[in-house]
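One structure, as structure tokens, below. Some questions next.
The values are calculated or read from the model by the stated rules, or taken from the named source; none is laboratory data. Model, not experiment: these values are computed from the prediction. Methodologically, a virtual Cβ is constructed for each residue, glycine included, from the backbone with ideal geometry; neighbour enumeration extends over all protein chains shown. Protein only, heavy atoms only, side chains kept; ligands, DNA and RNA dropped before computing areas. Shrake-Rupley method; radii C 1.70, N 1.55, O 1.52, S 1.80 Å.
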Amino acid sequence: MSIPVVPGGTAGSVGSVGSPQRNVGVAQSPRTLTQPQETKIVQDILDCINEMKSEFEDSKIPIDDDNQQLQRFCAKLEYLFQSNMKEKKNLLGRKKDYWDYFCNCLGKTKGISDGIRFVKSISEYKTSLGKGRAFLRFCLVHNRMADSLQACIINGKTTSEWFYPQSIWLHQDRNSVLISALYDLSGLQFDLASSGYDLDNAWPSFAKKSLGSHHTWNMPSRTSSMSSLISIPGQQDASLHRFNLSTTPVDMDDSSHMSPGSHISEKMHSCVTDNTETHKQELEVLQQQLNEVKDRNQQITKEHQELNQRYDRLVLEQESKQKEWEMKYTQKTEEVNSLQQNAVSVKDQNDAMEDEMSVLREKLTKQEEKNQDLLNKIENLLQEKNDEANSQRSSVDKLQETYELVKSLEAENMTLKYENKELNDKCGKLQSNMEETEQSRISLEDILKNNKKELQEMENNLSKMDIQKQTLESQGQSLNREIASLKEFYETEKGDTQKVKGNLKKRLS
């Protein structure tokens, strides 16, 4: 198992290191593609296939990287794969590409998965984009392009997980024409090198014609038998052709005197040596990836421990704050209850004082009426006495009685005035007491409103703290799941590395 990395190049760039770039595709693949654009791209791919078929039938020369129609075909097909593809990332947060889609669909398919294994064995390609391009070139060389894509499309569940519903790969009526055209490529021969190009950054724009090149598309073999060397149809002729080109005339004369068995043994020895070097490189890459996974696992474990400690501290702080808020809430509740009781008591006192003032007002009114009656009687009496004095001045005794009566009435009047003054003073005091009582009642109501607001804020803070606690618990659970998945990934990588080491020891022995 290999860890995919972030692609280093764009989808539509064509070229290689040390070569001029050619614009044979789109500069960068979009996330969505409309149906008219899709139809145009499919038609371009069909035109490229027809052109390559016509050129091969005319010349009978294998198609190589110098062919511009091949360059346009690869760029357009890649553009079609990356369009309407869902964004996926691995455990390390790196973006996946259509290579990972091929691995999911074909990794366990018999007869087709050997291309996946072969591309994984090439340590030259580091990115998912470069490995995907290498796999498409493998399919062209071995005439498996249509079969591989057909096997992927048949796996509808995996395809629907990787592409949006509007993608061409989820609609048989739209992709059947393209698949049928790809089967025409099975009759063509392609001479494409398996390595020597920077596929991580761009498609090749020219064919390398170096002699003695060992960049073949032979898939990794588990044995050193002759049958493993010629297991791929169509590759044997190309391999022999490259082998003949790499030998000089002197070597050919010498080889004519050698027996066929020794010639085959040398080829087998050379192939086994190449496979050994390839497996050593693969083992080094796997060991490096395993070390990276171990370091990442240790880092995540450390971060998980720190998060657990932070979670425990936050839980303790939350519990402490919750207890503090509960105590404050209880205290404020008691204060509110006490204020409510005081307000009720003050209201009762106010009602009692209002009743008492009403009684005093009634008494004062009756006393004023009584005083007015007395004054009226005195005036009437004085008027009568004056009339009698005017008429009977001789009656001294009556005047004396009248004088004493007037004195007694005046004394009674003074007493009534004094009582009236006392009643007025008492009414003024009661009025001031009622005003003070009203102000006290208003201030108590303001305090009660403020306490209610504080209680509401306390309840809101308690609810927020409960939400934070639930969030921290969910984060802890997600961290535990991520660590479990990383441990499982680490065990899988460890088992695969041990298997590769065992197989390499068997081959070397």
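In the stretch 401-411, is there at least one residue being loosely packed, with under 10 Cβ neighbours inside 10 Å and over 21 Å from Asn371 (Cα atoms)? Lay out the reasoning, then the answer.
Filtering the stretch 401-411 down to residues loosely packed, with under 10 Cβ neighbours inside 10 Å leaves none.
There is no residue in the stretch 401-411 that is loosely packed, with under 10 Cβ neighbours inside 10 Å and over 21 Å from Asn371 (Cα atoms).
Sticking with this one: How many residues, within the stretch 432-449, are more than 60 Å from the chain's Cα centre (by Cα) and loosely packed, with under 12 Cβ neighbours inside 10 Å? Spell out how you get there, then give the answer.
Pass one, the stretch 432-449, residues more than 60 Å from the chain's Cα centre (by Cα): 432-437.
From what's left, loosely packed, with under 12 Cβ neighbours inside 10 Å: 432, 435-436.
Number of matching residues: 3.
Separate question: Show the residue pairs that are 6+ apart or on different chains and have beta-carbon atoms under 9 Å apart, the first residue being within the stretch 32-61 and at pLDDT 95 or above, the second being surrounded by fewer than 11 Cβ atoms within 10 Å (Cβ to Cβ) and assigned to a helix (DSSP H, G or I).
Filtered contacts from the stretch 32-61: no entries.
Within the stretch 358-367, is even one residue surrounded by fewer than 14 Cβ atoms within 10 Å (Cβ to Cβ), part of a helix (DSSP H, G or I) and of a type in the set (Val, Ile, Thr)?
Yes, the stretch 358-367 has at least one match.
Among the numbered criteria (1) surrounded by fewer than 21 Cβ atoms within 10 Å (Cβ to Cβ); (2) modelled with pLDDT under 90, which one does Val119 miss?
Evaluating Val119 over (1) surrounded by fewer than 21 Cβ atoms within 10 Å (Cβ to Cβ); (2) modelled with pLDDT under 90 leaves (1) as the failure.
Something else about it: From the list His263, His279, exactly one residue is more than 30 Å from Phe489 (Cβ to Cβ), modelled with pLDDT under 80, of a type outside the set (Ser, Thr, Tyr) and assigned to a helix (DSSP H, G or I). Which is it?
Numbers: His279 fails: more than 30 Å from Phe489 (Cβ to Cβ).
Answer to the check: His263.
Also, I was wondering about something else. I'm told Lys370 meets every condition in (1) within 30 Å of Asp466 (Cα to Cα); (2) open to solvent by 80 Å² or more (accessible area, probe 1.4 Å) except one. Can you identify the failing condition by its number?
Of (1) within 30 Å of Asp466 (Cα to Cα); (2) open to solvent by 80 Å² or more (accessible area, probe 1.4 Å), only one is false for Lys370: (1).
Can you give me the number of residues within the stretch 414-467 that are touching a helix residue (DSSP H, G or I) at 6+ places or on another chain (Cβ under 9 Å) and farther than 24 Å from Gln331 by Cβ?
Of the residues in the stretch 414-467, 14 are touching a helix residue (DSSP H, G or I) at 6+ places or on another chain (Cβ under 9 Å) and farther than 24 Å from Gln331 by Cβ.
Here is a check on your reading of the model: is Leu140 out of contact with any strand residue (DSSP E or B) (no Cβ under 8 Å at 6 or more places or on another chain) and assigned to a helix (DSSP H, G or I)?
Values: out of contact with any strand residue (DSSP E or B) (no Cβ under 8 Å at 6 or more places or on another chain): no; assigned to a helix (DSSP H, G or I): yes.
Taking the combined requirement at face value, the residue does not satisfy it.
I'd like the full set of residues that are open to solvent by less than 10 Å² (accessible area, probe 1.4 Å), of a type in the set (A, V, I, L, M) and under 34 Å from the mean Cα position of the chain (by Cα), limited to the stretch 131-164.
To start, the set of residues in the stretch 131-164 that are open to solvent by less than 10 Å² (accessible area, probe 1.4 Å) comprises 132-140, 145-146, 148-149, 152, 159, 162-163.
With the extra rule that they be of a type in the set (A, V, I, L, M), the set shrinks to 134, 136, 140, 145-146, 149.
Ala134, Leu136, Leu149 - these are the residues of the stretch 131-164 that are open to solvent by less than 10 Å² (accessible area, probe 1.4 Å), of a type in the set (A, V, I, L, M) and under 34 Å from the mean Cα position of the chain (by Cα).
Restricting to the stretch 412-431, name every residue that is open to solvent by 100 Å² or more (accessible area, probe 1.4 Å) and among the hydroxyl-bearing types (Ser, Thr, Tyr).
Selection gives Tyr418 alone.
Taking the stretch 476-500 as the search range and keeping residues that are among the charged types (D, E, K, R) and open to solvent by 80 Å² or more (accessible area, probe 1.4 Å), which one is nearest to Gln299 (Cα to Cα)? Outline the logic, then answer.
Of the stretch 476-500, the ones among the charged types (D, E, K, R) are 481-482, 487-488, 491, 493-494, 496, 499.
If we keep only those that are open to solvent by 80 Å² or more (accessible area, probe 1.4 Å) as well, we get 481, 487-488, 491, 494, 499.
On the way: Arg481: 16, Lys487: 13, Glu488: 16, Glu491: 17, Lys494: 18, Lys499: 26 Å.
Checked the stretch 476-500; the qualifying residue nearest to Gln299 (Cα to Cα) is Lys487.
Residues of the stretch 174-187 being under 24 Å from Ile61 (Cα atoms) and surrounded by 17 or more Cβ atoms within 10 Å (Cβ to Cβ), which ones?
Passing the criteria: Ala181, Leu182, Leu185.
Further, regarding this structure: Cβ contacts < 6 Å: first residue within 19 Å of Leu405 (Cβ to Cβ), restricted to the stretch 362-374; second residue open to solvent by less than 90 Å² (accessible area, probe 1.4 Å), any location; separation 6+ or different chain. Result?
Listed by first residue and then by second, the contacts come to Asn371/Leu416.
Moving on to the next point. State whether the residues of the stretch 454-473 include one that is closer than 19 Å to Gln298 by Cα, touching a Ser or Thr at 6+ places or on another chain (Cβ under 8 Å) and open to solvent by less than 80 Å² (accessible area, probe 1.4 Å). It would help to see each step written out before you state the result.
First pass over the stretch 454-473, keeping only residues closer than 19 Å to Gln298 by Cα: none.
Looking for residues that are closer than 19 Å to Gln298 by Cα, touching a Ser or Thr at 6+ places or on another chain (Cβ under 8 Å) and open to solvent by less than 80 Å² (accessible area, probe 1.4 Å), one finds none in the stretch 454-473, hence no.
Would you confirm, using the coordinates I've provided, whether Tyr79 is among the aromatic types (Phe, Trp, Tyr), at pLDDT below 90 and surrounded by 21 or more Cβ atoms within 10 Å (Cβ to Cβ)? Lay out the reasoning, then the answer.
Numbers: among the aromatic types (Phe, Trp, Tyr): yes; at pLDDT below 90: no; surrounded by 21 or more Cβ atoms within 10 Å (Cβ to Cβ): yes.
When the stated conditions are applied, Tyr79 does not pass them.
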